[in-house]
Amino acid sequence: MDVEYDVIVLGTGLKECILSGLLSVDRLKVLHMDRNDYYGGDSTSLNLNQLWKRFKGEQTPPAHIGASRDYNVDMVPKFMMANGALVRVLIHTGVTKYMSFKAVDGSYVFNKGKIHKVPSTDMEALKSPLMGLFEKRRAGKFFLYVQDYKEDDRSTHKGYDLTKLTTKELISKYGLDDNTIDFIGHAVALHRDDSYLTEPAIDTVKRMKLYAESVARFQGGSPYIYPLYGLGELPQVEFDSEGKVCGVTSEGETAKCKKVVCDPSYLPDKVKKVGKVFRAIAIMSHPIPNTAESHSVQIILPQKQLGPQIRHASKFIAFVSAQAETDNPEKELKPGIDLLGTVDELFIDTYDRYEPSNDSSADNCFISTSYDATTHFESTVMDVLSLYTKITGKTVDLSVDLSAASAAEDDI
């Protein structure tokens, strides 16, 4: 090939596709390639036959499960915050012109052996069975503070400098108990562990505001939306004598380039393992119990993430995800699976997580981080935006018209 590209993107996972779109919007010359004979990389969607083959070999799915073509099961099941960064990036790249979204019915948290609706406003906090009467009043005041907080309006700060005050210190001023702190931190602010308690409170307050604003956007039961229809010879990266990328060779031809973007699988010697994710995929004939017959929900077990449930005709698909802490996926996923009720079919998936270990400024290789166990795309899109800035030296303008991404009100 005589053509030289500004950037070659390897892999068609969500992150790589978004970066390819962002770079193309900037009028860079981009070549997008994939080693697989299917689209989507690690975040691909499978029909029933493909799902069965992946986890059960050559067996044929039983007839009572339904037709293969009626299934579209995401291998990285995540929701989008309705007001979140990913929706803004998709609008920025124009992708929303070709996508339809569905508002998720509800967001729940598992607490003291029961499933509860997650309160996101002061009024919902007052009605929540998660707290006693006096705790509700205290929590209501805290939600009201967060709701009214504006970073550029010091009159809303009540004398607190959230860039210096830790989350634990801020919450202590409202006298909230550990149980309330737990569901606020993990089910509303969506922190993955408890390290946020000792970090500046500004991040937690921004996360809580995003949650509340996303709920209000479609006035539904949750802050989430999701896409209605889901998400050859190996390409080899070539380097020059100085160790900088200079092209990609595939099927005997080399495409020259200045920079390469890829997922960790393309450059295994430039990444390091940072963890493992366990995931169960369940096919059911009923909604998840105790979620008001909701057809699409998220349930969070603090410190353990449970994924979304998506309806398919008379069948339901549920995902249970957790950051691995042992070598026993069945045991770690059991608390989430037990919430599902009767399960028709169950698949257990395990995958390693990697992050780049190279110096991208030296070799011009920009490698994405593997998908985590969370049930939302906020951490995913932060990785994308970080890579975009490293590649271009610019930041993405996310001040877009959010009405360009609307959610369907009818059920699928």
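Computed over region 134-216, relative contact order equals 34 percent, with contacts defined as Cα pairs under 8 Å that lie 6+ residues apart. Of all lysines in the structure, the ones whose alpha carbon falls short of 29 Å from that of K53, not counting any fewer than 8 places away in one chain, are K15, K78, K102, K273, K276, K304, K315, K331, K334.
Database remark: amide H of E238 closer than 5 angstrom to the amide H of C246, G247, V248, T249 (H placed geometrically; neighbours at sequence offset of 5 or more, or on other chains; Pro and chain starts carry no H). Our coupling estimate for region 386-402, obtained by passing each phi through the Karplus curve with A = 6.51, B = -1.76, C = 1.60 and θ = phi - 60°, is 5, 5, 4, 5, 5, 6, 9, x, 10, 10, 7, 7, 9, 7, 10, 7, 5 Hz, Gly and Pro reported as x.
Taking amide H atoms as placed 1.01 Å from N in the peptide plane, the amide H of G275 lies under 5 Å from those of R353, each 5 or more residues away in sequence or on another chain.
The residues of the chain expose on average 46 square angstrom of accessible surface per residue, using a 1.4 Å probe on protein heavy atoms.
The distance from the alpha carbon centre of region 105-174 to that of region 197-215 is 10 Å, rounded to a whole number. Computed from phi, the 3J(HN,Hα) profile of region 144-157 under the Karplus parametrisation 6.51, -1.76, 1.60 (θ = phi - 60°) reads 5, 4, 5, 4, 8, 5, 10, 4, 9, 10, 4, 5, 8, 7 Hz, with x in place of Gly and Pro. All Cα-Cα separations within region 134-216 were binned at 5 Å from zero, giving a P(r) of 3, 15, 28, 29, 19, 6, 0, each value a whole percent of the pairs. Listed values for region 129-137 are Karplus-derived 3J(HN,Hα) couplings in whole Hz (6.51 cos²θ - 1.76 cosθ + 1.60, θ = phi - 60°), namely x, 5, 9, x, 4, 5, 5, 4, 5, and x replaces Gly and Pro. Residues R138, R54, R217 ordered from highest to lowest accessible area at a 1.4 Å probe: R54, R138, R217.
Calculated from the structure at hand, percent of Cα pairs over 41 Å apart is found among (1) 21; (2) 17; (3) 44 as (2). Computed from the Cβ-Cβ distance with R0 of 25 Å, the FRET efficiency linking T254 to V274 stands at 0.20. For region 50-139, the spherically averaged projection of the C-alpha convex hull amounts to 10.2 nm². DSSP loop chymotrypsin sites (Phe, Trp or Tyr not before Pro) in region 24-67 with at most 15 other Cβ atoms within 10 Å of their Cβ, which ones? Of the chymotrypsin sites (Phe, Trp or Tyr not before Pro), the ones in loops of region 24-67 whose Cβ has at most 15 other Cβ atoms within 10 Å are Y38, Y39. Translational diffusion of region 134-173, estimated by Stokes-Einstein from the Kirkwood radius over alpha carbon pairs at 25 °C in a medium of 0.890 mPa s, is 227 µm² per second. Can you compute the label reach from D240? Point 7 Å from Cα along the Cβ direction, backbone N cut-off under 17 Å, restricted to region 350-385. The answer is 360-366, whose backbone nitrogens lie closer than 17 Å to the label point. Protection proxy ranking for 42-49, 15-22, using the average of other Cβ atoms within 10 Å per residue and placing the highest first: 15-22, 42-49.
The values are calculated or read from the model by the stated rules, or taken from the named source; none is laboratory data. Because the structure is a prediction, the values reported are computed rather than measured. Ideal geometry is used to build each Cβ from the backbone, glycine not excepted, and the neighbour counts take in all protein chains shown. Calculation scope for accessible area: heavy atoms of the full protein, side chains included, ligands and nucleic acids excluded. Shrake-Rupley method; radii C 1.70, N 1.55, O 1.52, S 1.80 Å.
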